[in-house]
Amino acid sequence: MRSTFYGLEIAKTGLFISQNQLDVSGHNISNVDTKGYTRQRLSIASLPPAIGTSLIATDIKGTSGRGVTTICVEQIRNPFLDYQFRKENSVTSKWQTKEQYFEYVEALFNNELDAIETSTGISAIFSDFYDALYELQEQPEDKAIRLNVQQKAIVMTDTLNNYFNDLVGQQDTLNESVRITVDEINSIAREIAQLNEQIYGFELSGAKANDLRDQRNALLDTLSGLIDIETFEDTNGQLIVQVDGKNLVRHADYKQMATVDDIENPIEGGQKLYGVYWEDSQGNPTTSTVGITGGSLKGYMDIRDGNSKTSIGIPYVIDQLNGLCQKIAADMNEIHEKGYTIPNGDNGESKTGIDFFHVPVDENGEKDYSKITAQNFRISDDIMNDVYNIAASDMKVSADGSENEQKGNGRIALEMCGLINKKNESGNDDSIDGYYKNILNNISVEMDHIHSTYQGQAVMVNHLEQQRRSISDVSLDEEMTDVIRFGHAYNAASRVISAIDEELDNLINKMGLVGRA
């Protein structure tokens, strides 16, 4: 025969479970606006009937189970969606960072239009310079026009110098961002290791540290946006976070990364760039580099270091600008050095072989156009010191005009103007403006590629995030329904206790009274 109070014990478990479920629902409702909170649910299971030993076992064929018991308070979360989200978040963050910082490069050239006549950028500066040369060929002896040619050339060289300095400044910003991001990764790794220890200690009792796990998951989401990570729990339930196949965090232990400025800058003469290495147990950088394949850290490094057609970054754009400056100097000097200057003052001789733009020399004292960069691009000292050294004429000019009564012709100036429409031997555009427009085209194509890739990734990440939230976020409608349901269950369990109490009252106080005097 079962215990007299068996039914009370069953009803009591239902009463306590309903109370716990109401507590969990209240906790969910309280955190409806808490970022990163995962809704919780009381996991329960029925208790089987009690069975004694074989000698004193009761007949259980007509005995009910013992009620209900709590397994744990569990989170409603899909680990596979977490894995997918973090992988895609790493890729998306990389492209988002690339878009953000390559937009700065594009912004330097955003005044450029298809038509050189209507542009307000470098193309317009080229146009102004050509217009000044065209005026010079009409009045080569006019000092004011020569001064205008000089000033337009200075504006052109200064603008390209500024472009170079702006791009180098942006590279410095990206380099510093690499260091800051590595420090942030190290900080998050420490926090995750500390949370791992707290979670492990809390869960030794068999309970779930759900709120601590929410904090850890939020950190893992943030970390995945900084660098590509792999996360999993080992057979002991201890969390492992890996970067490039190496443990960043293993339960309460963690490794740190270090930045060392030992990477050669693709920009000639630029300061060395930060490389990222693992630290040893004493906190010193090792020679083991960190393989970085995703996250904003990869985005910073791609724009900072990119120096090829397949990896366009700031060094590539600067290299293209250097090539533009070299072409301007080479094409202009090739024509200008054939012309003759106008004698001026005590310098009463018409000279030829003068460069319009300055050309550095190599170790042998020979002119080396490859040493021209957008940083050092400038007009020659001869042109800077005396505008009459602009060689506009293709014939020698005498001080008294006896050889050329017009103080020289403007054929050299006109020939320099013709560089705007220069063709190569194949008949293709080989003009300075055409070269510059090719740079713009490369930048535009790369920006479109980065933007479209980022937009595609953003759609995927948003979709995964919505899937996660549809499972894990608190729904007030659902929680309020549960409050009503658990409240009814609580009332029903209490009513069962009342009914059993009445039954026991009859059994104890009223049975055996029939027939008594």
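Among the residues of the stretch 132-166, the ones that are among the β-branched types (Val, Ile, Thr) and under 38 Å from the mean Cα position of the chain (by Cα) come to 4 in all. Answer yes or no: is there a residue in the stretch 21-30 that is in a strand (DSSP E or B), touching an Asp or Glu at 6+ places or on another chain (Cβ under 8 Å) and surrounded by fewer than 18 Cβ atoms within 10 Å (Cβ to Cβ). The answer is no, given that none of the residues of the stretch 21-30 is in a strand (DSSP E or B), touching an Asp or Glu at 6+ places or on another chain (Cβ under 8 Å) and surrounded by fewer than 18 Cβ atoms within 10 Å (Cβ to Cβ). The single condition from (1) buried (at least 19 other Cβ atoms within 10 Å of the Cβ); (2) of a type in the set (Lys, Arg); (3) more than 24 Å from Glu74 (Cα to Cα) that Arg216 fails is (3). Please verify whether Val105 is farther than 23 Å from Thr38 by Cα, assigned to a strand (DSSP E or B) and modelled with pLDDT under 95, treating the condition exactly as stated. Here the answer is no, as Val105 does not meet what is asked. Just a yes or no: is a residue in the stretch 357-377 touching a residue at least 24 places away in the same chain (Cβ under 8 Å), in a loop (DSSP other than H, G, I, E, B) and farther than 25 Å from Thr159 by Cβ? Looking through the stretch 357-377, none of the residues is touching a residue at least 24 places away in the same chain (Cβ under 8 Å), in a loop (DSSP other than H, G, I, E, B) and farther than 25 Å from Thr159 by Cβ. Looking at Pro343, Pro285, Pro360, just one residue is touching a Lys or Arg at 6+ places or on another chain (Cβ under 7 Å) and either surrounded by fewer than 23 Cβ atoms within 10 Å (Cβ to Cβ) or among the aromatic types (Phe, Trp, Tyr) (or both), and that residue is Pro360. Per the listing Gly225, Gly275, Gly206, Gly245, the residue uniquely modelled with pLDDT under 90 and either within 17 Å of Lys298 (Cβ to Cβ) or assigned by TED's automatic domain parsing to the domain that holds Leu297 (or both) is Gly206. For Tyr104, the stated conditions hold: it is assigned by TED's automatic domain parsing to the domain that holds Gly294 and in contact with a helix residue (DSSP H, G or I) (Cβ under 9 Å, 6 or more places away or on another chain). Annotation: of all residues in the stretch 46-79 being at pLDDT 80 or above and assigned to a loop (DSSP other than H, G, I, E, B), the one that is nearest to Arg216 (Cα to Cα) is Arg77.
Flag: Ile192 matches the condition of being farther than 30 Å from Lys422 by Cα, outside the structural domain of Tyr436 (by TED's automatic domain parsing) and crowded, with 17+ Cβ neighbours inside 10 Å.
Out of Tyr300, Tyr277, one residue alone is aromatic (Phe, Trp, Tyr) and touching a helix residue (DSSP H, G or I) at 6+ places or on another chain (Cβ under 9 Å). It is Tyr300. When you look at Val474, is it outside any helix (DSSP H, G or I) and in contact (Cβ under 8 Å) with a residue 12 or more places away in the chain, yes or no? So Val474 fits the description; yes. Here Val459 passes the criteria (1) modelled with pLDDT of 95 or more; (2) under 30 Å from Glu74 (Cβ atoms); (3) hydrophobic (A, V, I, L, M, F, W, C) except the one numbered (2). Of all residues in the stretch 297-308, one or more are over 18 Å from Ile188 (Cβ atoms) and basic (Lys, Arg).
The values are calculated or read from the model by the stated rules, or taken from the named source; none is laboratory data. It should be emphasised that the depicted structure is a prediction, and the values quoted were computed from it without experimental measurement. Don't worry about glycine lacking a Cβ; one is built from the backbone with ideal geometry, like all the others, and counts go over all protein chains shown.
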